[in-house]
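Student: So that we are looking at the same thing, I have put the structure below in structure tokens.
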Amino acid sequence: MALEPSVAKSDSRASGSVLSLKPASSIEVPENTILTTINSVVNWCRKYSLWPMPFATACCGIELMAVGASRHDIARFGAEVMRFSPRQCDLMIVAGRVTMKMMPVLQRIWLQMPEPKWCISMGACASTGGVFDTYAVVQGVDRFIPIDVYIPGCPPRPEQILRALMDMQDKIQKGGAIQGTALPELMTNEARRVQIESSPSPALARERGDEDRYGYRIPGGPGQVGDRESH
Amino acid sequence: MNTTSATTTDEHQATLKTLAQTLGEGVFTQSRFRDNLRLHVPASRLIDLLRALRDQCGFKLLSEVGGTDYLGYPGRTGARFEVHYVLRNLETSEYLIIKTGVDDPDPTLPSVVPLWSGADWMEREVFDMYGIRFEGHPDLRRILMPPEFASFPLRKDYPLRGRGERHNFPRLLRGES
Ligand code: SF4
């Protein structure tokens, strides 16, 4: 609806707000009335009642507990109701390393959460694999599930987690619709990222099997691992 | 091999004597490192030795089973893999390490689960990491890695960063989930 803001004439108003909105048609908007959209009201409700699902697999989980406790008190941001059932949650917080044995579990829990849902990747390990660049540890959960906010740190300070929660709230307020299933601009970003990653580019090298740099070196010998098979 | 420092109060003397009486000479060789006594035994006599230690010498506790891959190890002449059993006598606090070599292809050892049922998960772990099979084990499955994992990650010819196993998951996108 096209609205035409206009300053009300001072003589017709004895008190009340200075600015009143006059629609192009002749509908009168009463005083002390806010015009908005259903979507932004819904988003406003959603962002102050996030129910986190703590997927805490390692040391970052301890810091997440500190955020929930009285000193840092995540309840000030309306996200204190940690639930251990994915059916009751809409914000997944991946806190800690995820191994390749755990990844199917994580994906399943993510799929079990009802829409709308968001995900925070907390700490160096969840975001990139951290120092655990071994055969078993997934190098960043964003390879396999969508992530909205990343938190750097090992472990991140509780303040950083609160900050990430506030960023998450901003993001929820900006995107999403009551009838949609996902946040539109995030889907656009994601499609773009998939497109970038699938096109060959020197800037985004695929992970190489560079055992020579990171792999096991036979003591006293050259890096000769991976070219000999024993089974 | 025997670098014994001939201490006058050797806590293993009684054990070695009993073993010599039970099994005869020449079943195992010894080596020492600091206060550890290691007995090296061929795989064919492994169960005899362990049974004698458990029944005659009082080693009631098997505290560890582990493996080693000596591929490319400087100066190594023996078998490629080695499995060690750490035994403990709970009455005298004596402890003893039994080592046995096993070689490619298809390294196989007899299971010690019939002797110590606690060996169950430890042998599964050695199997999981090195691919050494334990014959007679009641349930030899992988214990740490997922069942569909195909390699044995602690073998020295397995690259530290794997062969891409950790990347073979479906990718969940926001539109689909
Ligand atoms: S980022 Fe650091 S604190 Fe967090 S799980 Fe990894 S190692 Fe632990």
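The values are calculated or read from the model by the stated rules, or taken from the named source; none is laboratory data. Since we're looking at a predicted model, the values are computed, not measured. FYI the Cβ positions are ideal-geometry reconstructions off the backbone, even for glycines, and counts take in every protein chain you see. To get the accessible areas, we keep the full protein, side chains included, count just its heavy atoms, and leave off ligands, DNA and RNA. Shrake-Rupley method; radii C 1.70, N 1.55, O 1.52, S 1.80 Å.
Student: How big is the Cα convex hull of segment B:48-174 in projection, averaged over all directions, in nm²?
Tutor: For segment B:48-174, averaging the hull's shadow over all directions gives 10.6 nm².
Student: Determine the per residue accessible area of segment B:3-176 with all protein chains present and a 1.4 angstrom probe, expressed in square angstrom.
Tutor: 50 Å²
Student: Still on this structure, please answer the following. If you average the C-alpha positions of segment B:26-98 and of segment A:22-81 separately, how far apart do those two centres end up, in angstrom?
Tutor: 62 Å
Student: OK, next. Kindly express, to the nearest 10 degrees and within the range 0 to 90, the angle between helix B:13-23's C-alpha long axis and the longest C-alpha principal axis of chain B.
Tutor: 80 degrees
Student: Restricting attention to segment B:76-177, which GluC sites (Glu not before Pro) occupy a DSSP loop and are surrounded by at most 15 other Cβ atoms within 10 Å?
Tutor: B:91, B:148, B:176
Student: For B:70-82, what's the mean count of beta carbons from other chains sitting within 10 Å of each residue's beta carbon?
Tutor: Mean inter-chain Cβ contacts per residue within 10 Å come to 2.
Student: For the Cα atoms of chain B, what angle does the longest principal axis make with the long axis of helix B:119-130, in degrees from 0 to 90, nearest 10?
Tutor: The answer is roughly 60 degrees.
Student: Please go through segment A:25-88 and write out the GluC sites (Glu not before Pro) that DSSP classes as loop and that have at most 13 other C-beta atoms within 10 Å.
Tutor: Passing both the DSSP loop test and the Cβ count: A:28, A:31.
Student: Quick check on chain B: helices-only [θ] at 222 nm, where DSSP H runs of length 4 and up contribute -39,500 (n - 2.57) each and the sum goes over total residues. Nearest 500, please.
Tutor: Rounded to the nearest 500, the figure is -5500 deg cm²/dmol.
Student: What residues of segment B:142-159 lose no less than 30 Å² of accessible area with every protein chain in place versus their chain by itself (probe 1.4 Å, heavy atoms only)?
Tutor: B:145, B:146, B:155, B:156, B:157, B:159
Student: Want the number for residue A:198 to residue A:111: 0.36 nm per residue separation, take away the alpha-carbon distance, what's left?
Tutor: Using 0.36 nm per residue and subtracting the Cα-Cα distance, I get 28.9 nm.
Student: Out of residues 5 or more away from residue B:80 or on other chains, whose amide H comes under 5 Å of its own, with H placed 1.01 Å from N in the peptide plane?
Tutor: The answer is B:102, B:104.
Student: Can you work out the PRE-style zone for residue B:77? Point 7 Å along Cα to Cβ, and I want the residues of segment B:31-59 with backbone N under 20 Å.
Tutor: B:31-33, B:38-43
Student: Going from most exposed to least, what order do B:44, A:49 have by accessible area with a 1.4 Å probe?
Tutor: The ordering from most to least exposed comes out as B:44, A:49.
Student: Further, regarding this structure: Based on a Kirkwood Rh over C-alpha pairs, give the Stokes-Einstein translational diffusion coefficient of segment A:60-113 at 4 °C and viscosity 1.567 mPa s in µm²/s.
Tutor: 105 µm²/s
Student: Work out the FRET efficiency for residue A:73 and residue A:173 from their Cβ-Cβ distance, taking R0 = 30 Å, and round it to the nearest 0.05.
Tutor: Plugging the Cβ-Cβ distance into 1/(1 + (r/R0)^6) gives 0.85.
Student: Another one. In whole Hz, with x marking every Gly and Pro, tabulate ³J(HN,Hα) for segment A:126-134 from phi via Karplus 6.51 cos²θ - 1.76 cosθ + 1.60, θ = phi - 60°.
Tutor: Going residue by residue, I get 5, 7, 9, x, x, 7, 8, 8, 10 Hz, with x marking Gly and Pro.
Student: Chain pair B, A: how much accessible area is buried, both chains summed, with a 1.4 Å probe, in Å² to 100?
Tutor: 3700 Å²
Student: In addition: How much accessible area per residue does segment A:107-176 have, in Å², with a 1.4 Å probe?
Tutor: 38 Å²
Student: If you rank B:128, A:90 by how much accessible surface each has, with a 1.4 Å probe, what is the order from largest down?
Tutor: So, going from the largest accessible area down, we get A:90, B:128.
Student: Could you give each residue of segment A:152-169 its phi-based ³J(HN,Hα) in whole Hz, using Karplus coefficients 6.51, -1.76, 1.60 with θ = phi - 60°, and x for Gly or Pro?
Tutor: Once rounded to whole Hz, the list reads x, x, 8, x, x, 5, x, 4, 5, 5, 5, 4, 5, 5, 5, 4, 4, 5.
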